[in-house]
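The numbers here are math on the coordinates, done by the rules we state, and not lab data. Since we're looking at a predicted model, the values are computed, not measured. Here the Cβ positions follow ideal geometry from the backbone for every residue, glycine too, while neighbour counts run over all protein chains shown.
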Amino acid sequence: MTVWRLISREIAYRKLNFALAVLAVAVAVGCLVGELALLAAHETRAEQLGENAEAAAQQRVQRLEDDYRVITVKLGYNLLILPRDQDLAELHLLGHTTKTMPEEYAQRLGSANVITVQHLLPTLQQKVEWPEKKTSILLMGTRGETPPAHRDPKKPIREAVPRGEMIVGRVLADSLHLAPGDTVALMGKTLKVREVRQPAGNEDDVTVWINLAEAQELLGQPGRISAILALSCFCAEATPEGIRREVTQILPETQIVELSPQAATRRAARARAAEYGAETVAAEEAARAAARSERHAFAAWVVPLVVVACIVWVGVLALLNVRERRDEIAILRALGTSARRIFSIFLARSFMAGLAGAAVGYAAGLALGQGWVRWESGGAQAAASSPLFDGSLLAAVLVLAPLLSAAAALVPALTAAQQDPAVILQQE
Amino acid sequence: MLRVTNLEKAYKGQGKTVRALDAATLQVAPGELVAVQGPSGCGKTTLLLVAAGLLKPDAGQVLVNAQDPYALAPDGRARFRAENMGFVFQQFHLVPYLSALDNILAPTLARPAPDAAERAAHLARHFGLAERQDHLPGELSTGERQRTALARALLHNPRLLLADEPTGNLDEASGKVVLSHLAEFAKAGGAVLLVTHDPRAAEYATRTLRMESGRIET
């Protein structure tokens with residue numbers, strides 16, 4: 001008679017007690033394995049979904065950037081080309097230029113086949129006193145556009161002011177009660193009001209536009225201009241730096257100020273699109289991390305709870321088994337079986353229940369995980385079954401579950417080993 | 001083989017002390033079947049358990065084969081029992097999930113022996129259990145159960161057989177079979193201490209002692 005034969009016969013005889021112990025371990029192991037399998041499955045699925053979502057978000061961002069590029073491509077860059085010695089601080093403080101450059105620069109730039117300029121507007125401007133009206137104005141001489149030589153002429157963005165006429169800013173016109181058709185004297189020259197501009201909310205409201213040649217005469221600056229407005233510039237290097245480099249190669253005695261807010265808008269729009277994309281991806285990742293964290297937190301208390309409950313369950317079943325076998329223990333002790341052997345019999349029985357429970361529980365947990373994955377994916381992920389199998393987890397479970405089960409039976413086994421056979425045998 | 005001298009054993013509980021053994025003295029030599037008879041509660045079972053090394057006396061000495069089992073550590077005492085003694089009880093105390101043959105082999109759990117299987121089969125045949133040896137105790141008659149218990153007690157050829165009311169649950173015929181087997185064991189050189197109030201025991205005993213209130217009257 002060996003211990004294993006005794007245990008196997010006892011298990012076969014008391015099937016229910018052993019089956020319940022196996023079930024307890026299987027529930028604990030199944031819960032653990034199922035939870036881990038589900039977490040792994042979710043992890044894989046979330047990873048896939050996340051990658052898909054990230055790819056989709058990046059595609060959307062790319063599309064958005066492209067859309068912005070297309071939408072803003074026609075905005076171009078607006079440049080103000082100034083004499084190199086023009087103090088920019090002075091320009092910004094005064095609101096007008098104080099230096100001049102040759103009017104010929106406009107032709108030179110227009111003739112150059114380097115940059116694509118939609119509109120070139122040479123101007124001469126100066127803040128002056130309008131002696132006849134006793135008010136300060138910004139006098140702007142303009143001749144209209146200098147057509148770029150290499151391009152087909154386009155409808156000018158700003159018409160030239162004909163000789164003998166003037167265009168008046170809204171605030172100035174209102175304060176001087178000027179209206180189109182009025183004839184006024186400006187610095188001794190009689191001019192007819194051709195147009196009153198709509199309110200602009202800037203220095204244009206106090207500006208008087210006259211013909212460039214007449215302005216040069218009035219201001220004593222023949223053949224001179226103070227700035228060239230290059231509107232809607234496009235070039236191979238579509239950056240302000242690139243355009244600046246190209247223009248200064250053509251007109252080395254100038255400096256270039258980027259005026260156009262559209263370019264900044266375009267850059268801002270594209271930057272915002274990129275930010276939006278990054279935020280979308282980050283939000284996606286954060287949502288996944290939060291979901292993962294919730295699942296882990298849930299598993300972190302549910303699984304230990306079930307494991308502890310099952311250990312108690314196994315312990316109680318072992319205790320019941322000991323109580324049921326008091327007579328048997330007494331006679332085995334009387335026949336010379338040592339307390340250590342009795343102890344090992346009960347421990348080994350529980351170990352076997354743990355081993356059987358671990359195998360059953362692992363299979364059940366795996367099946368549960370696979371079933372869940374299949375259900376969740378609508379049966380599409382039949383191939384997802386194999387990745388859930390974890391050999392190292394199986395090995396760990398097959399080692400730890402029997403040990404824990406045996407540990408749960410430690411107290412009952414000690415009780416059995418310490419049982420006094422004389423007490424039982426006297427109770428006949 | 002067995003010598004007990006001035007054994008004292010008292011049970012305390014609920015403010016009362018019951019003296020189960022009071023200077024109990026006896027000896028059983030090889031080849032003897034000593035029957036101790038007495039009324040219920042006179043201390044017969046206590047005497048048997050003390051003699052078996054299962055219940056330490058308050059005073060006195062037990063010598064089995066000239067060795068005091070209580071001088072040994074618990075595991076050593078268990079081994080000593082396995083090597084020297086056999087037991088038969090009124091309730092048989094068979095392991096319910098082992099077949100009759102496996103029950104006969106139960107002592108090998110403590111003391112494996114290479115020829116145990118053959119000897120168990122021989123004992124099963126000797127006690128008329130050959131046809132029933134694969135049956136569980138619950139499927140055996142009371143007589144068969146007691147014969148199974150007796151075969152188990154004899155598996156290791158013990159020098160001392162301790163029997164506690166072995167015929168208490170048996171009909172007359174079965175009781176006679178058991179008593180005759182005990183007598184047969186004694187005739188073969190074994191020592192038997194039989195505590196019983198079965199009057200038939202006297203017919204098979206080499207000596208009959210009377211026990212009263214923990215004392216053995218010679």
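Run lengths n ≥ 4 of DSSP H only: what is the helix-derived mean residue ellipticity at 222 nm for chain A, with -39500 (n - 2.57) per run over all residues, to the nearest 500?
So the helix-based figure for chain A works out to -20500 deg cm²/dmol.
Over all alpha-carbon pairs in chain B, figure out the percentage whose distance exceeds 21 Å. It would help to have the intermediate numbers written out before the result.
Values: 12493 of 23653 pairs.
Of the Cα pairs, 53 percent sit more than 21 Å apart.
Be a star and scan the stretch B:105-129 for residues whose amide nitrogen sits under 17 Å from the point 7 Å along the Cα-to-Cβ vector of A:Arg5.
Only B:105-125 fall inside the zone, counting backbone N under 17 Å.
On each of the three principal axes of the Cα atoms of the stretch A:288-350, give max minus min coordinate, whole Å, ordered largest first.
Between the extreme Cα coordinates on each principal axis of the stretch A:288-350 lie 65, 18, 11 Å.
For peptide B:23-36, how many partner chain Cβ atoms fall within 10 Å of a residue's Cβ, on average? Each step should come with its number before you reach the end.
Working: counts 0, 0, 0, 0, 0, 0, 0, 0, 0, 0, 0, 0, 0, 0.
Mean shielding count: 0.
Share of antiparallel DSSP beta bridges in the stretch B:2-217, in percent to the nearest 5?
50
How many nm is it between the label spots at A:Trp375 and A:Glu294, if each spot is 7 Å from the Cα in line with the beta carbon?
According to this spin-label approximation, the distance is 1.8 nm.
As a test, work out the antiparallel percent of DSSP beta bridges whose residues both lie in the protein assembly as shown, rounded to the nearest 5.
Numbers: 52 of 80 bridges.
The answer is about 65 percent antiparallel.
Would you please give the FRET efficiency between A:Ala283 and A:Arg84, computed as 1/(1 + (r/R0)^6) with r the Cβ-Cβ distance and R0 = 51 Å, to the nearest 0.05?
Once rounded, the FRET efficiency stands at 0.55.
Through the Karplus equation 6.51 cos²θ - 1.76 cosθ + 1.60, θ set to phi - 60°, convert the phi angles of the stretch A:51-56 into ³J(HN,Hα) values in whole Hz; use x for Gly and Pro.
5, 4, 5, 5, 5, 5
Just counting partner chain Cβ atoms within 10 Å, what average do the residues of peptide A:320-328 show around their Cβ?
Working: counts 0, 0, 0, 0, 1, 3, 0, 7, 7.
Mean partner-chain Cβ count within 10 Å for A:320-328: 2.
Please list, in chain and number order, the residues 5+ apart from B:Met211 or on another chain whose amide H is under 5 Å from its amide H, with Hs placed from the backbone.
Answer set, sorted by chain and number: B:Gln37, B:Gly38, B:Glu217.
Sorting check: for A:170-178, B:185-193, A:402-410, A:8-16, which peptide has the highest mean count of neighbouring beta carbons within 10 Å, and how do the rest follow?
By packing density, highest mean first, the sequence is A:402-410, B:185-193, A:170-178, A:8-16.
With the cut-off at 21 Å, tell me which of the pairs B:Lys9/B:Lys187; A:Lys134/A:Lys192; B:Lys9/B:Lys176; B:Lys56/B:Lys176; A:Lys99/A:Lys133 have Cα atoms farther apart than that.
Where the Cα-Cα span goes over 21 Å, the pairs concerned are B:Lys9/B:Lys187; B:Lys9/B:Lys176; B:Lys56/B:Lys176; A:Lys99/A:Lys133.
Applying 1/(1 + (r/R0)^6) with R0 = 25 Å to the Cβ-Cβ distance of B:Glu131 and B:Asp171, what FRET efficiency is obtained, to the nearest 0.05?
On the way: r = 20 Å, r/R0 = 0.79.
Rounded to the nearest 0.05, the efficiency is 0.80.
Be a star and scan the stretch B:15-38 for residues whose amide nitrogen sits under 20 Å from the point 7 Å along the Cα-to-Cβ vector of B:Ala66.
Hits in the stretch B:15-38 for B:Ala66 at 20 Å: B:26-32.
Which whole-percent values make up P(r) of the stretch B:1-81 when all C-alpha to C-alpha distances are grouped in 5 Å steps starting at zero?
P(r) for the stretch B:1-81, in whole percents per bin: 3, 15, 25, 24, 18, 10, 4, 1, 0.
Taking the protein assembly as shown as the region of interest, what is the percent of Cα-Cα pairs per 10 angstrom bin, listed from the shortest bin to the one with the maximum distance?
3, 12, 14, 10, 7, 6, 5, 5, 5, 5, 5, 5, 6, 6, 4, 1, 0
Rank the residues A:Tyr68, B:Tyr70 as a footprinting-exposure proxy: fewest other Cβ atoms within 10 Å of their Cβ go first.
B:Tyr70, A:Tyr68
For peptide B:77-83, what's the mean number of Cβ atoms from other chains within 10 Å of each residue's Cβ? If you can, show how the numbers build up before the last one.
On the way: counts 2, 12, 3, 1, 5, 5, 1.
Per residue, the number of nearby Cβ atoms from other chains is 4 on average.
For chain B, what does the helix formula give at 222 nm: sum of -39500 (n - 2.57) over DSSP H segments with n ≥ 4, over the residue count, nearest 500 deg cm²/dmol?
It lands at -9000 deg cm²/dmol.
Which FRET efficiency, nearest 0.05, do A:His177 and A:Asn202 yield, Cβ-Cβ r, R0 22 Å?
Computed FRET efficiency for A:His177 and A:Asn202: 0.50.
Once both labels are modelled 7 Å past Cα along the beta-carbon direction, what's the A:Leu394-B:Glu139 spacing in nm?
Computed distance between label sites A:Leu394 and B:Glu139 equals 3.8 nm.
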